[in-house]
1. Can you find even one residue in the range 182-189 that is modelled with pLDDT under 95, more than 29 Å from residue 322 (Cβ to Cβ), outside any helix (DSSP H, G or I) and open to solvent by 10 Å² or more (accessible area, probe 1.4 Å)?
2. All but one of (1) touching a residue at least 24 places away in the same chain (Cβ under 8 Å); (2) more than 16 Å from the ligand (Cβ to nearest atom); (3) in a helix (DSSP H, G or I) hold for residue 388, so report the exception by its number.
3. Are any of the residues in the range 112-122 buried (at least 18 other Cβ atoms within 10 Å of the Cβ) and touching an Asp or Glu at 6+ places or on another chain (Cβ under 8 Å)?
4. For the range 213-243, how many residues meet the condition of being open to solvent by 10 Å² or more (accessible area, probe 1.4 Å), part of a helix (DSSP H, G or I) and either under 24 Å from residue 467 (Cα atoms) or among the small types (Gly, Ala, Ser) (or both)?
5. Just checking, which of 172, 176, 152, 190 is of a type in the set (A, V, I, L, M), closer than 22 Å to residue 229 by Cα and touching a residue at least 12 places away in the same chain (Cβ under 8 Å)?
6. I need the full set of residues from the range 244-268 which are away from the ligand (no atom under 16 Å from the Cβ) and either farther than 15 Å from residue 99 by Cα or open to solvent by less than 20 Å² (accessible area, probe 1.4 Å) (or both), in order please.
7. Would you check if residue 109 is without any contact (Cβ under 8 Å) to a residue 60 or more places away in the chain, farther than 30 Å from residue 12 by Cβ and not aliphatic (A, V, I, L, M)?
8. Residues of the range 123-147 being in a strand (DSSP E or B), out of contact with any Ser or Thr (no Cβ under 6 Å at 6 or more places or on another chain) and open to solvent by less than 20 Å² (accessible area, probe 1.4 Å), which ones?
Amino acid sequence: MLYVSTRGAMEPRPFLEILMEGLAPDGGLVMPETIPRLSSADIARMRPMTYQELAVEIIGRFATDIPTPDLQHLVELTYTAEAFGSSEITPVTPLWENLHVLELSNGPSLAFKDVAMQFLGHLFAYVLDRSGEELNILGATSGDTGGAAIYAMRSKPHIRVVMLSPLGRTSAFQAAQMYSVLDPNIHNLALRGVFDDCQDIVKAIGEDSEFKARHHIGTVNSINWARVVAQTVYYFKAYFALTESHEERVSFAVPSGNFGNVYAGHVARTMGLPIERLVLATNENDVLDEFFRTGIYAPRSSNAVQATSSPSMDISKASNFERFVYDSVGGDAAVTRELYARLGTDGRFDLSSPEQRRLVSDSGLASGTSSHADRMSTIREVSERTGRVVDTHTADGIKVARHFAALSPDIPMICLETALPAKFADSIVEALGHQPRRPAAYEGLENREQRVLVIDNDVDAVRRFIAELSPS
Ligand SMILES: *Cc1c(COP(=O)(O)O)cnc(C)c1O
């Protein structure tokens with residue numbers, strides 16, 4: 001399997017060569033030359049598989065340059081009941097009527113990002129061990145990505161993490177979760193600024209190819225292809241959990257920000273998994289809902305992004321969306337390049353012709369949005385009807401899912417649980433009047449010793465920090 005760029009100007013390269021890169025050299029995103037298709041016989045054969053077996057089966061089709069026994073070993077190291085709370089790894093539990101919850105947040109940082117990031121930690125350590133190289137992972141986080149990356153990379157040989165977070169702007173739990181990791185290879189920088197400032201610094205350093213090469217800088221951000229592939233696995237696991245034959249179909253509802261999670265569902269559907277609808281849920285930052293309603297993609301300026309009670313979905317543009325655009329125009333890199341050039345000049349592009357709208361709707365994507373009041377009332381209703389407490393992101397997905405679930409009452413609607421409520425305690429107190437339950441391992445988290453360096457919003461300060469850590 002070789003990878004190309006959505007903008008067409010990259011020599012095809014194998015999986016392990018694109019593994020640690022961010023954008024392709026032409027500014028596009030890497031994509032497999034073709035997405036592998038499964039036959040009905042393949043899907044029948046996969047039905048009884050464990051999570052680990054499914055992961056080897058699916059990831060192996062994309063990472064053809066990792067020998068199967070090695071991939072098996074990496075998957076077994078990653079997907080343990082100890083790390084994810086049960087041997088099912090991502091269990092499905094019923095809500096009511098045809099609604100179900102796919103639990104993705106029982107890993108170490110209590111958010112779905114662990115499912116892919118834990119795998120990346122073991123995979124990076126494996127690759128670096130063989131090459132003898134070192135890697136400095138530079139990242140920016142508004143909360144969940146940082147926690148997931150830090151818990152995945154702590155104590156891994158050959159790897160350091162430098163994580164920028166906006167000082168005082170993550171939830172108290174998220175900050176304590178990141179800053180209380182004292183492993184010597186983890187470096188938290190709390191920046192005097194907002195999340196976009198953190199991201200701009202990571203971007204500026206990423207564009208400095210000389211500095212990047214000299215200090216072995218890599219990323220684990222949401223456009224990382226290996227993350228997308230690792231996320232594809234749980235769509236299969238959930239499908240098999242709720243069906244008995246591949247004549248049956250299911251739908252998924254996905255609280256979305258950078259379009260990574262729902263894109264993994266799109267890959268599963270393209271591979272042949274019988275998915276009826278992929279329902280994309282946004283919050284007040286509804287750039288993607290607007291696209292699926294109108295065919296017009298118009299990213300917001302970063303100062304137009306609203307700070308909401310589902311902060312991990314507060315985005316101005318959706319970085320993985322280019323992959324979906326590329327698929328929707330039939331894998332035509334010239335058209336994708338043209339559309340993104342137009343985005344650069346006009347601030348928007350338009351796929352609203354009837355033919356383009358049909359291509360998009362054939363992909364099963366549908367969308368909806370929630371307000372703060374919707375999320376609060378959903379958290380209350382779920383609690384009253386089932387006794388279960390869901391977080392604000394998951395509540396957003398459930399709210400949007402209900403509309404589509406009612407349209408097809410015979411088709412299971414699987415809502416992805418993207419974080420546990422303990423991460424967003426203030427919102428739970430607002431909705432329910434009491435604190436959410438906290439997993440035992442996190443008792444007293446905020447009182448633990450922390451290691452974090454407060455720095456100015458200055459790219460050169462970050463450069464100097466990296467250069468001292470990792471002299472060339
Ligand atoms: C990252 C995140 C999302 C958004 O996921 P994308 O893959 O960026 O669309 C949603 N909910 C939570 C809790 C997250 O951490």
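The values are calculated or read from the model by the stated rules, or taken from the named source; none is laboratory data. For clarity, every value in this text was computed on a predicted model and none was experimentally measured. A quick note on method: Cβ atoms are made from the backbone with ideal geometry, for glycine too, and the neighbour counts reach across all protein chains shown. For accessibility, only protein heavy atoms count, side chains too; no ligands or nucleic acids. Shrake-Rupley method; radii C 1.70, N 1.55, O 1.52, S 1.80 Å.
1. no
2. (3)
3. Yes, that holds for at least one residue.
4. 3
5. Details: 172 fails: closer than 22 Å to residue 229 by Cα; 176 fails: closer than 22 Å to residue 229 by Cα; 190 fails: closer than 22 Å to residue 229 by Cα.
Among 172, 176, 152, 190, only 152 is of a type in the set (A, V, I, L, M), closer than 22 Å to residue 229 by Cα and touching a residue at least 12 places away in the same chain (Cβ under 8 Å).
6. Pass one, the range 244-268, residues away from the ligand (no atom under 16 Å from the Cβ): 244-251.
The answer is 244, 245, 246, 247, 248, 250, 251.
7. So residue 109 does not fit the description; no.
8. Of everything in the range 123-147, those that are in a strand (DSSP E or B), out of contact with any Ser or Thr (no Cβ under 6 Å at 6 or more places or on another chain) and open to solvent by less than 20 Å² (accessible area, probe 1.4 Å) turn out to be 135, 137, 138, 139.
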